[in-house]
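In what follows, a structure is listed as structure tokens, so that the remarks can point back to it.
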Amino acid sequence: MSIALSANSSTGKPWLAALITSVLFLIVCLSWGTTWLGIKIAVETVPPLTAAGLRFLIAFPLFLVFALIRREPLMFPKESRWFFLFVTLSYFSLPYYLLNYGEMHVSSGLTALLFSCMPVFILVFSALFLREKIYPSQVLGIAIGFGSLFMIIRSQGLHLDHAELFGVLAILCAAVMHALCYVVTKKHGSAISVITYNTLPIGIAGLMLFVAGLNVEAPVFDGISLRSWGALLYLGLVASVGG
């Protein structure tokens, strides 16, 4: 949080602003880039619904503290209540369950590769909903990206059984939902602060996922390994809040 505030105060020093931006970008790459391995370790002994719920319930108190310290509102603007529901379901609840489910059946590396298709979906949704122009260079980048993805998967000799196929589809669905949410956020939620955007949606999504997990998956908490608890803490505190 202090780094973000410093970036705002470095307007008169372009080199300092560029340095801070680069550091923040590196932090995002490291925290989100290791998310896939964290999820893979978490679902070793925690079912996917329960794992997603616990991750967000771990993150929620820290977001709440940030909101109180910075005196950010917890509620979305009255006219954006529909958007609050959309973010809670389409950004936090369903996609993270799908990611956890997918990583039970495919490797964390393949998950990262599959989810890297998200910018392609963002480009498509931006053209559809924001009327943004798609340039030939972007189309070329999409073709190169998908071609590279295909070659990597083929070089690994990946033969998908039914479970792995559903895992791949679940991860791709999560990427599509996140892409859609990013585009809708650009159109309807750009004025909402990042703390407000995350705090209540992540808390409510965590509670819903956890309760659903208790009823559907009946997790055995004594059977959760220290590795999985450590991964959940990392996902909640570093990936969700830090990222």
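The values are calculated or read from the model by the stated rules, or taken from the named source; none is laboratory data. Bear in mind the structure is a predicted one, so any value in this text is a computation, not a measurement. Glycine gets a Cβ as well: all are built from the backbone with ideal geometry, and neighbour counts include every protein chain shown.
Filter region 13-42 for residues that are under 30 Å from Ile224 (Cα atoms) and of a type in the set (A, V, I, L, M); which is surrounded by the fewest Cβ atoms within 10 Å (Cβ to Cβ)? Spell out how you get there, then give the answer.
Here is the first cut: in region 13-42, the residues under 30 Å from Ile224 (Cα atoms) are 27-42.
Next, only the ones that are of a type in the set (A, V, I, L, M) stay: 27-28, 30, 37, 39, 41-42.
Values: Ile27: 14, Val28: 12, Leu30: 14, Leu37: 17, Ile39: 25, Ile41: 22, Ala42: 29.
In this case the residue turns out to be Val28.
Give the number of residues within region 115-141 that are in a helix (DSSP H, G or I) and closer than 11 Å to Val183 by Cα.
In the first step, residues of region 115-141 are kept if they are in a helix (DSSP H, G or I); the result is 115, 118-129, 136-141.
Filter once more, so that each one left must be closer than 11 Å to Val183 by Cα: 119, 121-129.
Looking only at that region, the number is 10.
Which numbered condition trips up Ala239, out of (1) in contact (Cβ under 8 Å) with a residue 60 or more places away in the chain; (2) surrounded by fewer than 15 Cβ atoms within 10 Å (Cβ to Cβ)?
(2)
Determine which single condition Arg70 fails, assuming it passes every other condition in (1) buried (at least 18 other Cβ atoms within 10 Å of the Cβ); (2) within 22 Å of Gly203 (Cα to Cα).
Failed condition: (1).
If the Cβ limit is 8 Å and pairs must be 6+ apart or interchain, which residue in region 44-56 that is over 24 Å from Leu200 (Cβ atoms) pairs with which residue that is of a type in the set (Asp, Glu)?
Listed pairs, sorted by first residue: Pro47/Glu217.
Would you check which residues across region 199-218 are assigned to a helix (DSSP H, G or I), over 13 Å from Leu54 (Cα atoms) and not hydrophobic (A, V, I, L, M, F, W, C) and list them? First the steps, then the outcome.
From region 199-218, those assigned to a helix (DSSP H, G or I) are 199-216; that's our starting set.
Those left that are additionally over 13 Å from Leu54 (Cα atoms): 199-201, 215-216.
Across region 199-218, the qualifying residues are Thr199, Pro201, Asn215.
Residue-wise test of (1) of a type in the set (Lys, Arg); (2) in contact with a Pro (Cβ under 8 Å, 6 or more places away or on another chain); (3) exposed (fewer than 13 other Cβ atoms within 10 Å of the Cβ); (4) at pLDDT 85 or above.
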{"site": "Gly109", "(1), (2), (3), (4)": "no, no, no, no"}
{"site": "Leu113", "(1), (2), (3), (4)": "no, no, no, no"}
{"site": "Ser126", "(1), (2), (3), (4)": "no, no, no, yes"}
{"site": "Ile134", "(1), (2), (3), (4)": "no, no, yes, no"}
{"site": "Gln138", "(1), (2), (3), (4)": "no, no, no, no"}
{"site": "Ala143", "(1), (2), (3), (4)": "no, no, yes, no"}
{"site": "Ile152", "(1), (2), (3), (4)": "no, no, no, no"}
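For region 1-87, which helices (runs of 4 or more DSSP H) that fit wholly inside it have 3 or more residues that are at pLDDT below 90? Before you say what the answer is, go through the steps one by one.
On the way: elements: 2-8, 14-33, 35-42, 48-70, 81-87.
Of the helices (runs of 4 or more DSSP H) lying wholly inside region 1-87, those with at least 3 residues that are at pLDDT below 90 span 2-8, 14-33.
From Ala170, Ala179, Ala163, which residue is under 23 Å from Trp36 (Cα atoms), without any contact (Cβ under 8 Å) to a residue 60 or more places away in the chain and in a helix (DSSP H, G or I)? I'd like the intermediate steps shown before the answer.
Working: Ala170 fails: without any contact (Cβ under 8 Å) to a residue 60 or more places away in the chain; Ala179 fails: without any contact (Cβ under 8 Å) to a residue 60 or more places away in the chain.
When all the criteria are applied, what remains is Ala163.
Would a scan of region 92-109 turn up a residue that is part of a helix (DSSP H, G or I), small (Gly, Ala, Ser), under 23 Å from Ser190 (Cβ atoms) and within 15 Å of the chain's Cα centre (by Cα)?
Kept after step one, since they are part of a helix (DSSP H, G or I), are these residues of region 92-109: 92-103, 108-109.
With small (Gly, Ala, Ser) added as a condition, the list becomes 93, 102, 108-109.
If we keep only those that are under 23 Å from Ser190 (Cβ atoms) too, we end up with 93.
Pick out the ones that are also within 15 Å of the chain's Cα centre (by Cα) and you get 93.
Yes; the residues of region 92-109 include at least one that is part of a helix (DSSP H, G or I), small (Gly, Ala, Ser), under 23 Å from Ser190 (Cβ atoms) and within 15 Å of the chain's Cα centre (by Cα).
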